[in-house]
Every structure is written in C-alpha cells, then in structure tokens.
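Comments concern the structure below.
Derivation of every value follows stated rules applied to the coordinates shown; laboratory data play no part. Please read all numbers here as calculations on a predicted model, not as lab measurements. Cβ placement follows ideal geometry from the backbone for every residue including glycine, while neighbour counts extend to all protein chains displayed.
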Amino acid sequence: MRKIFLMLAVATLSAGMAAAKEGTMQGTIVSENSVPCGSEAKGKKQTLELMCQEYVIRTDQTEYHVRQQKEEHKALLPVNAPVELTLHKDKMKFTVNGKSYEMLVVSESAVTAPAAAPAAPPQ
C-alpha cells in the first residue's frame, strides 16, 4: 500500500512539473548575439559562413538561449522587451510587440540569485 501511494505521488508531481513547463510564461529578452550556424557552398571551392541571431530570454527561474530556425526570421528583436512564451520539447514560441516567433532552444540554465549587498560596517 505504501509503495502504491509513493508511486502515485511521484507520478502526480512529475505530471504537474511537465504541465507547468509547457504553460505560458513571462520573460524578457536579455541579449542578442550573432553566431555561426552553418555554411553554404558558393561556387566550386568557396563556402560562405551563415550567421544566425541567438537570443537569451530570461524568465523568473530559467535563462533560455534560442536561435532562429528559418531564414525568414531575419528581423532583429528588441533587447529588454517583454515576451510571453510557451515551450514544447526543444522549441519555444513567443510573442514580442504583437508578432509571433518560433525558435529552437539551444540551451537553458538556472538563473543565478542576485548577490547579496555587502553589509555596512558597524559604526
């Protein structure tokens, strides 16, 4: 009986965490970088390196590094803009200034807690 209860509790918690991950979240675009994302043949012996925009989107608990998937997403997104996002597997859908985007999640990391302010020296 105890094992069944424990298994049920674990299943309920993991299902709740998975559902929370796929729900709508609020975040902010923190930074943008141009990164190499492949190459294209140009002529017989020349190759042209392709560049993609990679954005860092920060939520309350996680920082996501996302990259454009398709060439038509060439528009630069404003830094410090609020975004509303949803995650599904390795893709992120979000809206910025009323326009929708879908990008590939390259990596994610936990947001570090801000450093505590140093204590004032005793007087």
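At a 10 Å Cβ-Cβ cut-off, how would you order LYS42, LYS93, fewest neighbours first? Don't skip to the end; give the middle numbers.
Values: LYS42 9, LYS93 14.
If I rank by nearby Cβ atoms, fewest first, I get LYS42, LYS93.
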Please list, in order along the range 87-92, the HN-Hα scalar couplings obtained from phi with the Karplus expression 6.51 cos²θ - 1.76 cosθ + 1.60 (θ = phi - 60°), rounded to whole Hz, x for Gly and Pro.
10, 9, 6, 9, 10, 10
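Quick one: order MET92, MET25 by neighbouring beta-carbon count within 10 Å, fewest to most.
MET25, MET92
By how many nm would the segment from THR28 to LYS93 lengthen if fully extended, with 0.36 nm per residue of separation less the alpha-carbon distance? Kindly include the intermediate steps, with their values, before the conclusion.
Numbers: separation 65, 0.36 × 65 = 23.40 nm, distance 1.35 nm.
Once the chain is fully extended between THR28 and LYS93, it gains 22.1 nm.
At R0 = 30 Å, how high is the FRET efficiency between GLU84 and SER39 if r is their beta carbon distance? Nearest 0.05 is fine.
Values: r = 34 Å, r/R0 = 1.15.
FRET efficiency, GLU84 to SER39: 0.30.
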Which net charge results for the neighbourhood of PRO78, defined as the other residues with beta-carbon distances under 12 angstrom from its beta-carbon, given Lys and Arg at +1 and Asp and Glu at -1?
0
Would you mind checking which residues have amide H under 5 Å from SER31's amide H? H placed 1.01 Å from N; only 5 or more apart, or other chain.
VAL56
Quick one: net charge around GLU54, please, counting Lys, Arg +1 and Asp, Glu -1 for every other residue with C-beta under 11 Å from its C-beta.
0
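How would the range 21-110 be classified by its alpha-carbon gyration tensor: rounded, prolate or oblate, with rounded meaning a/c under 1.5 and the a/b versus b/c comparison settling the rest?
Prolate.
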In whole Hz, with x marking every Gly and Pro, tabulate ³J(HN,Hα) for the range 48-60 from phi via Karplus 6.51 cos²θ - 1.76 cosθ + 1.60, θ = phi - 60°.
10, 7, 8, 10, 10, 8, 10, 10, 9, 10, 10, 9, 4
How charged is the neighbourhood of THR95? Take every other residue with its Cβ under 11 Å from the Cβ of THR95, and add Lys/Arg as +1 and Asp/Glu as -1.
0
